[in-house]
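A quick write-up on the structure given underneath.
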Amino acid sequence: MVLQDAEDIHVVTAQTGDRRRVCASYEHAVLTPDDVGPVSATDEMPESRLHSMLVLCANDALPDEHETPRFDMRAAIKYMRETRAHTAGSWLMYADTTRSTQTFLERNARLASHLPDGTVHVATMQLNGRGRGRNAWISPVGCLQFTMLIRHTQRKQAPVVMLQYIMSLAIVEAVTSLPGYDALPLRLKWPNDLYALHVPVSDSDDSSGSAPAFAKIGGILVNSSCARGEFTLLFGCGINVANRLPTTSINSVIRDYNDTHATRLATIPVERMLALATAKFEELYRTFLVYGFDPLLKAYYRRWLHSDQIVTLADRDYERAQVVGISATDGQLQVRSLQSPRTVYSLQPDGNSFDMLRGLISRKL
């Protein structure tokens, strides 16, 4: 198998077991493209040989700080154990620098097909991070960027389209559900962007500083494929955890909150943020599988930016409307016409763009 876009990749896995828990001992291997022979996607290699090259547990020693100087693997494992997730994040792949964690798993589909459910691929830096549509996502040190693989069997009460909302909610709830962190101004922008209250850094001699406003600190990109009734989903997540500029970050919000409220909330390392986000996703996902999205709506509305927001619908002759909510079955944004209050429009997330500053919803070109 030829690994496309691969540099050194560290793979940490939980010991195999009935439930794939995060176990007390981990094993790791360091793979480079030369370590996995010249097998392309079209080569006819016996399945046993292919599988043997995918045994990623080479020995029982974690990578040391010299192998992963910009990601504390031991801390990541410690945090994973503390969150006690059964599946999400129980297999961890790490690259210091990659083009895109999302692109890597997409281009190495045969590798991805052998990875367990819940595998997470995380990188310290991405050279070509991706956002929704054709947008790029800048991924410097201090951002958490990862892709999680989830296999989801379609169920009537658990439509696959709602999983992007669960992931974005999980990231916000991962922080705000910590004791003392509930009031942090972290919010959701429909359909799956992450926002935080940005307090501009002003010059001490400048009395005309800008007022605080919400700014984007992250987003979700979901790609999926379906075979034999099962969806394979790649959740690409980018979160600004520790960079105050160019806008703000989770840790900046924590520091600002401490300054304003005389509290001492601890900042969150990227390794802990990864564990918190994946564990919270699993918690919400298990609820969703049984009961659907309805039980999660209250939490979603509590964290989103759009309650009763007045918007302009560019594709309806700039008609004005008020946001009502989202559909729990397909995630469409529901808005009520101000001109005809009995008329409610449903707007698809993939077909519309939401300009927060202008309150303008328009069709994507």
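The values are calculated or read from the model by the stated rules, or taken from the named source; none is laboratory data. Bear in mind that the values here come from a model prediction, so they are computed numbers and not experimental data. Glycine gets a Cβ as well: all are built from the backbone with ideal geometry, and neighbour counts include every protein chain shown.
Per-structure values
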quantity	calculated
Some residue of the stretch 275-293 being surrounded by fewer than 21 Cβ atoms within 10 Å (Cβ to Cβ), under 21 Å from PHE354 (Cα atoms) and among the hydrophobic types (A, V, I, L, M, F, W, C)	no
Output for the stretch 243-265, where each listed residue is buried (at least 19 other Cβ atoms within 10 Å of the Cβ) and either at pLDDT below 95 or farther than 24 Å from PRO179 by Cβ (or both)	THR248
Any chance ASP315 is outside the structural domain of ALA76 (by TED's automatic domain parsing), part of a helix (DSSP H, G or I) and without any contact (Cβ under 8 Å) to a residue 60 or more places away in the chain	yes
Count of residues meeting criterion [under 14 Å from the mean Cα position of the chain (by Cα) and part of a helix (DSSP H, G or I)] in the stretch 166-191	10
Sole residue being part of a strand (DSSP E or B), within 26 Å of the chain's Cα centre (by Cα) and touching a residue at least 24 places away in the same chain (Cβ under 8 Å), chosen from PHE288, PHE354	PHE354
Qualifying residue in the stretch 204-218 (condition: of a type in the set (A, V, I, L, M) and at pLDDT below 85)	yes
Search result, residues across the stretch 151-165 that are surrounded by fewer than 23 Cβ atoms within 10 Å (Cβ to Cβ) and under 13 Å from the mean Cα position of the chain (by Cα)	GLN164
Any hit, the stretch 184-195, residues being in the same structural domain as GLY142 (by TED's automatic domain parsing), surrounded by fewer than 19 Cβ atoms within 10 Å (Cβ to Cβ) and among the hydroxyl-bearing types (Ser, Thr, Tyr)	no
Residue in the stretch 303-320 that is closer than 21 Å to VAL172 by Cα, out of contact with any strand residue (DSSP E or B) (no Cβ under 6 Å at 6 or more places or on another chain) and aromatic (Phe, Trp, Tyr) present	no
Residue count, the stretch 224-244 (criterion: in a loop (DSSP other than H, G, I, E, B) and more than 24 Å from LEU276 (Cβ to Cβ))	2
